[in-house]
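First up is the structure itself, then whatever we jot down about it.
Coordinate-derived values only; no laboratory data. Note that the structure is a prediction, hence the values are computed from the model and not measured. We place every Cβ from the backbone using ideal geometry, glycine too, and count neighbours over all the protein chains shown.
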Amino acid sequence: MFKKTPGTKDILPDEVSSWQVIEETTRNIFSLYNYKEIRSPIIEEAALFNRSLGESAEIVQKQMFLVKKDKDVYALRPEGTAPIVRAYLENNLDKTAGLIKVYYIGPMFRAERPQKGRLRQFHHLGCEVIGSQEPYLDVEIISLADNLLKAYTIEGYEIKINSLGCAKDKKELTEILRNGLKPKLTKLCDDCKVRFKHNVLRILDCKNERCIEVVKELDIRQDHLCPECKRHFDKVKEELDSLNIGYKINPYLVRGLDYYTRTVFEIIHHDLGAQNALGAGGRYDNLVGDLGGPSLGAIGFAFGMERLLLVRSRELGVGSKDLVYVISLGEEAKKQGLKLLNNLRKEGIAADTDYEGKSLKGALRKANDLSSRLVLIIGEDEIKKNVVTLKDMVSGEQKEVRPENLIQELKSYNLTHNS
Ligand code: AMP
C-alpha cells in the first residue's frame, strides 16, 4: 500500500471542521481590518525566491522543492510574501490600487527534516500590506496578529520585536556581528561557520547551545539604527504600549531572509517545544523595488496553521448543520426518497440517506451516529398512505406528515443551516 510522503499530513474529515473554524475566524477578523483575500499559484519561478529571500537563505539553499520542466525551474512556494509582491507588480496594482491590504490561507512547501511541528507541506495564514512605511501600520499588523490569536482562543504566547533598520543599518549590524564573532569563530558550529561568510545575521537564529552562548556574549543592542529608523522603532513601541499590547524587545531577533528591514517580530508559544514559533513577520521596505517596482514600504506576517491548532485552549464551535436523515425502505421508497432529498437540499436543509442497504434499525443507528436531529422514514405503509414518517431523534416522538406539508413542518424545528 502507498504511504504519504514524509512531512505531509492527511487532514481527515473529523479534523477538517477545526480547520474550517480557524479559517472562518481568520476571514472574519481580517475583514474587520479591511483586508481582502488574495490567492496566488502554488508554483512560481524558482528565481523569484532566490532573488527575494536571498541566495544564502536556508530556504533557498536547502529547502525548496524544485520542479523542472524543459529548461524552466519552478519551486513549490516556500512562503507567501514574494509571490504576492510578484502578483502585485505583474497585475499593475501599484498603479491601479495604491496601498493594498491582503491576506492568504494556503499550503507552503519546505524540504525540511520532518519533526513535531515541522512539516514539508504546512499551511500559512498570513497577510501583507504594500504601500506604506508608517509605523502606525506596523502597530496595526502586530495588533491584528494579537487579535487573531485571541480569536482562536490561544493564550500564553509571547510577542518578540526588534528593528533591523534600513539596508544601511543592516550592513552596520552585519559588521558589528562580524567583528564580534571573528575571534570566536572556532567555537561556532559548522553551519554557522558557513553563515559567517554568507549570512552572518543568521547566526543569531542558530539553535546550537554553543552558538547561543557565543552570541550572548556579544551584547548586541540597537546601536546600529540610524536616527530615522530609531524614531520609527520608538514610535512602534510607543503605540503598541498605548494599545496595551504586551511585547518583549529582543535585539537578537533577526529573520533569516534578505528582504526584511526595520520592524521584525516573532510570536512564540512555550507549549510548542523546540519549534516554538507560532508565527512571524516584519517589514520589507526594499522588496517591491528589488523586484522591479517602485520604492514602497511593506509589511506582513504569517502563522503556521498546524501550530495554531496545537495550542488552542479549546475547540471553537464547529460549524456543522443539523442533518435530516432520510430512510427509504424498498425500491419505490428509494425513488421517492431521492426526490425528497433533492427538495430538502433545494430548501437549504442539509440531508443525507443510506446507500449501504441497511435495515430500518441499522439506518436509525447510522442517523444517531451522525447526530441527526430528525429522521424521515418512507416505507411501504407510508407509500400506501401517501405520508412520510417524521421522527424526532431527541424526544423520540414520531408523526406522519403529508409530503406537501413536510418542508413547513421541518422548518418549524428551527434547524441550524449555518452556525
Ligand atoms: P516563517 O516563514 O518561517 O517565518 O514561518 C512562519 C510560521 O509558519 C512559523 O512561525 C511556523 O508557525 C510556520 N512554519 C514554518 N515552517 C514550518 C514547517 N516546516 N512546518 C510547520 N509549520 C511551519
One finds the C-alpha centres of the stretch 79-110 and the stretch 126-177 to be spaced, in Å, by 18 Å
The stretch 85-145 shape via C-alpha gyration tensor axes, a/c threshold 1.5 | oblate
Using the count of nearby Cβ atoms within 10 Å as a rough guide to exposure, how do L243, L253 rank from fewest to most?
-> L243, L253
Once amide H atoms are placed 1.01 Å from N in the peptide plane, what residues at a sequence separation of 5 or more from A298, or on another chain, have their amide H within under 5 Å of its amide H?
-> G131, S132, Y284, D285
Listed with the fewest Cβ neighbours within 10 Å leading, R210, R221 appear as R221, R210
Cα centroid separation, the stretch 319-381 to the stretch 215-247 (Å) = 62 Å
Among N276, N405, N286, the residue with the largest mean-square fluctuation in a Gaussian network model of the chain built from Cα contacts under 10 Å is N405
Arrange the following residues from fewest to most other Cβ atoms within 10 Å of their Cβ: Y136, Y88, Y413.
-> Y136, Y413, Y88
Computed lengthening from L338 to A277, 0.36 nm per intervening residue step minus Cα-Cα distance = 16.9 nm
Once Lys and Arg get +1 and Asp and Glu get -1 on their Cβ, which of N179, Y260, I142 lies farthest toward the positive end of the dipole of the chain?
-> N179
Subtract the Cα-Cα distance of S17 and Q121 from 0.36 nm times their separation in residues, and report this length gain in nm to one decimal.
-> 35.5 nm
Magnitude of the Cβ-charge dipole of the chain, K/R +1 and D/E -1, about the Cα centre, nearest 20 debye?
-> 1000 debye
Could you grab the relative contact order for the stretch 29-187? Cα pairs under 8 Å, six or more apart, rounded to a whole percent.
-> 20 percent
Cβ-based charge dipole, the chain, positive-most Cα from I100, T8, S328 = T8
Gyration tensor (alpha-carbon) shape descriptor, the stretch 66-202, a/c threshold 1.5 | rounded
Between E175 and K248, what FRET efficiency follows from the Cβ-Cβ distance if R0 is 35 Å, with the result rounded to 0.05?
-> 0.85
Sequence-separation-based contact order of the chain, relative, with Cα cut under 8 Å and 6+ spacing, percent = 16 percent
Towards the positive end of the charge dipole of the stretch 258-372, with charges on Cβ (+1 Lys, Arg; -1 Asp, Glu), say which of F301, L364, L291 has the farthest Cα.
-> L364
Everything considered on the Cα gyration tensor (a ≥ b ≥ c; rounded for a/c under 1.5, else prolate if a/b is larger than b/c, else oblate), the stretch 1-142 must be described as oblate
Find how much the distance from D191 to K216 grows on full extension, using 0.36 nm per residue of separation minus their present alpha carbon separation; answer in nm with one decimal.
-> 7.2 nm
Find out how many positive minus negative residues lie around D381, taking Lys and Arg as positive, Asp and Glu as negative, among other residues whose Cβ is under 13 Å from that of D381.
-> -2
Which of the residue pairs K3/K187; K116/K187; K171/K248; K4/K71; K9/K207 have a Cα-Cα distance greater than 32 Å in the structure shown?
-> K3/K187
In debye to the nearest 20, the charge dipole size for the stretch 375-419, taken about the Cα centre with +1 at each Lys and Arg Cβ and -1 at each Asp and Glu Cβ, equals 80 debye
The stretch 145-243 - charge dipole about Cα centre, Lys and Arg +1 at Cβ, Asp and Glu -1, debye rounded to 20 | 600 debye
Projected label distance in nm at N368 and L415, using a 7 Å step from Cα toward the beta-carbon | 2.1 nm
